[in-house]
Structures are given as structure tokens and as C-alpha cells.
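**Student:** Below is one structure. I have some questions about it.
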Amino acid sequence: MIYLFLSIFFSTIILVIFRMFKRYGVNTFQAIVYNYIIAFVVGFGLYGNEWKSEHLQQGTWIPYAFVIGALFIGLFLLMGKSSQENGIGITSVTVKMSLAIPVTMAIFLYDESIYLSKIIGIIGALIGVYLITFQKKSQRKKGAPGNVLFLIILFFGSGALDTLLNYVERVASGDLSLALFSAIGFGIAGVIGLIVLFGAFLMKKQQFHLKNVIGGVVLGVPNFFSIYFLMMAVRYPHLDDSITYALNNVGIVMASFLIGIMAFKENITPLKIIGGIVAIVAILLLTV
């Protein structure tokens, strides 16, 4: 169970770090780019001994690695922006409710059984997203539509990412472990980010600052270990995988909401509270 708690801890810390970036003037994009380089180094440091040249001929994982790498950095950038603009609690709920998408796709792609609880969970996730992102006209301000758009893109993008990771694990990875595949995805995300960042440096749209590198290191370590410890938790023999994922998602949602309210004084409306409760119930139903 310690692995599950560590996964929840590191996943929640990621959102807190994003909020701290804004407070200390860290450039979120630069920090995210450096973060993926660090996550790749840490991942290969742990799993690099598993690599074999035969992996290049096995499976069809290589194209998916590039797509997933692009999603890694794109969604992480949106997550950072949303954490700063919408709050860590709302952002966490939105990302975790995207579980509805891979569950739905698994029904069609892998002929998984469909139960009433899954149907209710999928509908509940959509209702939760609506309640969390709903704003009255009097509450809207300049830039608010864009902030809501961040949440919507995060919901569908995170769902697509989880669907692709699930597909690679089931079908396309060959003998390549998901841990090593994730490390490769981190590396590709880092390379994509470095290319864009280098171009921004040349056009003088970005400037190098050491604090952005430090921010990337601080972010990269928990980013990798949030996935690493979740994978270790899934191996725990006394809990079904679905229960482990449910506890992980609900734990992150609850911890993020509490920290957002207590540490950052985030504005929580009755609708958002109801949406959060609906989200937790939906997550549990989707993993029954």
C-alpha cells in the first residue's frame, strides 16, 4: 500500500509545483521541457537495463511513442496553465474523470463487458465536467472561456493518452515494458520541447534562466515517480488493478481539492463541490 500512497503524493505534488511556478515566476513551458529530460534520465536509470535491440523489431510501438510523446508535453503544458488559472483541485478532477474515455474505448476495442455501473460512471464523469466548468454570466471574466477550454481539452486529451497507453500495453508493445516505453515517451517529449524551445531562443521569444532549469528538475522527479509508484502499486497482489486505479484517482482528487482550498485559498462554489463528489463516485463506478 505504501506504493499507492507514494503515487498519490507525487501526482498531487505535480499540481502544487505548477501553482508555485506562477508564484516564483518560473517559465512553465521551459520547466516542462527540462522536466521531461529529467524524467527520461530517471526512467532509463531505473529501466535502461531492460532495453534490447530486438525491441526495435518487435511490436508496432514506435509510431505510438512519438504521438504519446507529443501528447505528454502538450497536455502537461495545458495542465500547468489550468492549475494556475483554474486551480489544482478542478484541474485534478478533470484529468482523473477522463478515465471515462479509455473505459468506453475498451468496450469497443477489446470487447470488454459493459455493466450498468460503467454506463452510469461514464455519464457521471460528463456531468461532473459540466458542473465543474459551469459559470454563470455574472461569474465570467475576460479569459474565462479560454480557461474552461483548457479543462475540456485536458479531459479529452488525457482520455486519448490513457487509451493509447492501454493499446500499446495490450497490442503494440511486444516485449517492451510499459515502464520503459513511458521513459522513451518522456525522452521524445523532451526532444520535441527542446526543438521548440531552441527556436524560441533564436527568435528571442524566450530567455534562458537557471530557475527554469531548477523548476524542471523539481517537476521531473515527481513526474516520473508518480507513474513508477503507480505501476508498483498495481503489482500488489491483494488488490485488483481496478481497485488500485480507483483508490489512486480518488486519492489524488481529494488531496488536490483539500490542498487547493487550504494552501491556495481556491474559490470553491457549491456546483464545483457537487461536481467533485459526482466525479469521485463516477471514478469508483468506472473501476468496479
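Bear in mind these aren't lab numbers, they're just calculated from the coordinates by the rules spelled out. Please read all numbers here as calculations on a predicted model, not as lab measurements. Note: ideal-geometry Cβ built from the backbone for every residue, glycine included; neighbour counts use all protein chains shown.
**Student:** How big is the range 147-257 by Rg and Dmax over its Cα atoms, in Å?
**Tutor:** In Å, with Rg to one decimal and Dmax whole: 17.3, 55.
**Student:** Continuing with the same structure: Trypsin sites (Lys or Arg not before Pro) within the range 57-138: which are DSSP loop residues with at most 13 other Cβ atoms inside 10 Å? List each step's numbers first, then the result.
**Tutor:** Values: sites: 81, 96, 118, 136, 137; in loops: 136.
Passing both the DSSP loop test and the Cβ count: 136.
**Student:** Over all distinct alpha-carbon pairs, what is the Kirkwood Rh of the range 2-286 in angstrom? Walk me through the numbers on the way to the answer.
**Tutor:** Details: mean 1/r = 0.0514 Å⁻¹.
For the range 2-286, inverting the mean 1/r across all distinct Cα pairs yields 19.5 Å.
**Student:** Can you list the HN-Hα couplings for the range 67-73, worked out from phi with the Karplus curve (6.51, -1.76, 1.60; θ = phi - 60°), rounded to whole Hz and with x for Gly and Pro?
**Tutor:** For the range 67-73, the Karplus-derived couplings read 5, 5, x, 5, 5, 3, 6 Hz, x marking Gly and Pro.
**Student:** Treat each spin label as a single point 7 Å out from the Cα along the C-beta direction, and report the residue 194 to residue 120 distance in nm.
**Tutor:** It is 5.0 nm.
**Student:** Taking K and R as +1 and D and E as -1, what net charge do the other residues with C-beta under 14 Å from the C-beta of residue 266 add up to?
**Tutor:** Values: positive: 19, 22, 23, 265, 272; negative: 85.
Computed value for this residue: +4.
**Student:** For the range 12-32, list residues with backbone N below 20 Å from a point placed 7 Å from the Cα of residue 207 toward its Cβ?
**Tutor:** 21-32
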